[in-house]
Amino acid sequence: MANPTAPDLNSTDVPPQVLQNYCLNHPKASLCDDVPSFYEYRINLAPNAVFIGMFGASLLGYLVTLALTRRAAAFNVALILGLICEVIGYAGRIMSWDNPWDENGFLIQICCLTIGPAFMAAGCYLCLRRIVSAFGPENSRLVPEYYTRIFIPCDIISLILQAVGGAMAAIATHEHESPDTGSHIMVAGLSFQVATMVCFITASIDFVLRTHRRRRAIGPSALSQDPALVRMRSTLRFKLFLAALSLASVLILWRSAFRVAELSEGWTGPIMADQSMFVAFEGILILVAVLALNVFHPGVCARELFEARGGISGRPPFMRRKKGAKSDRSLSDGETKSTAEDLAGSDKM
């Protein structure tokens with residue numbers, strides 16, 4: 001017996017909204033197979049289930065590493081926030097797999113998966129200051145702290161633009177209006193993120209080249225000679241961390257450029273309609289980036305660079321001097337002076 005609430009598909013004047021409302025309440029009905037939803041395709045459950053599981057495991061890994069090491073706190077918080085967005089975003093896609101006409105799942109995934117990598121980019125930015133300090137600030141065009149003070153505010157700006165654009169697009173979709181304005185703001189935020197990442201990678205390459213040229217010119221003294229840093233720079237774990245950070249930065253840039261191209265075409269463009277491209281350039285790229293930093297975590301592989309509480313403006317232990325402490329030279333001078341006074345006093349006795 002036919003469902004009495006089903007619209008008459010033999011009629012040519014059935015409004016699309018009537019069909020979509022029916023499918024919202026009856027997502028498994030056979031007549032809904034050809035009814036347009038929020039997606040240009042039917043979501044495949046398998047890759048999204050894998051992503052939510054892997055991102056959840058990665059999130060747990062960062063939490064455990066932070067709890068055990070108590071190092072690189074700011075880096076960990078940035079990655080944790082990004083991974084929370086990823087887990088929620090893929091939960092939204094699984095909601096949409098169950099019911100692609102439900103706007104809640106669609107809006108959750110479009111907003112969370114768009115802004116999540118911005119937090120991860122912030123984690124990469126936080127590492128550059130430490131790396132510059134490890135090799136020697138003299139090799140950098142900027143004071144190490146300036147890298148954080150420049151790139152983190154830029155990342156916050158891109159994050160705000162993406163969040164505001166996503167919220168505007170969500171409100172417009174809920175009210176059955178065009179989401180184009182919100183989408184354009186999201187594209188602006190993503191474009192600013194791409195520009196920031198390009199500048200970050202350029203600054204990193206410039207530092208590497210300057211360090212290499214300076215070392216060839218004056219030898220090992222071009223690098224910081226702090227014993228702990230000398231030992232750390234020679235370890236395999238530190239070299240693998242640098243490789244993981246480089247890989248993660250390039251992958252986040254690649255993914256962000258993809259999202260700019262995707263959203264620039266609108267929510268019904270050919271890229272948005274290709275699920276395989278989304279899986280490859282959104283899911284896989286970000287997953288590889290966070291797993292690389294999971295395995296070669298800076299708090300473990302570059303532990304000499306990080307103090308327990310992390311932070312944005314604090315200096316690593318080897319760059320700080322306790323309040324009231326004297327330099328080695330002043331201490332030596334003081335000891336010499338004291339010794340001379342003692343000898344003078346003994347001559348008078």
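No lab work stands behind these numbers, since they all come straight from the coordinates. This one's a predicted model, so the numbers in the text were calculated from it and none came from an experiment. We place every Cβ from the backbone using ideal geometry, glycine too, and count neighbours over all the protein chains shown.
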By the gyration tensor of its Cα atoms, with a ≥ b ≥ c the square roots of the eigenvalues, what is the shape of region 47-204: rounded for a/c under 1.5, prolate for a/b over b/c, or oblate? oblate
Cβ under 15 Å from S158's Cβ, S158 left aside: what net charge do those residues give with Lys, Arg +1 and Asp, Glu -1? +1
What ³J(HN,Hα) values, in whole Hz, does the Karplus curve 6.51 cos²θ - 1.76 cosθ + 1.60 give for region 161-175 when θ = phi - 60°, with x put for Gly and Pro? 4, 5, 5, 5, x, x, 5, 5, 5, 5, 5, 5, 5, 4, 8
In whole Hz, the Karplus estimates of ³J(HN,Hα) for region 136-145 (6.51, -1.76, 1.60; θ = phi - 60°; x where Gly or Pro) are x, x, 4, 8, 9, 6, 10, 4, x, 5
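Once you list every other residue whose beta carbon is under 13 Å from the beta carbon of N99, what net charge do they have if Lys and Arg are +1 and Asp and Glu are -1?
Details: positive: K28, R42, R93; negative: D98, D102, E103.
Every neighbour counted, the sum reads 0.
Sorted from fewest to most neighbouring beta carbons within 10 Å, what does the list E175, E138 look like? Don't skip to the answer; put the middle values down first.
Numbers: E175 9, E138 13.
With the fewest neighbours first, E175, E138 line up as E175, E138.
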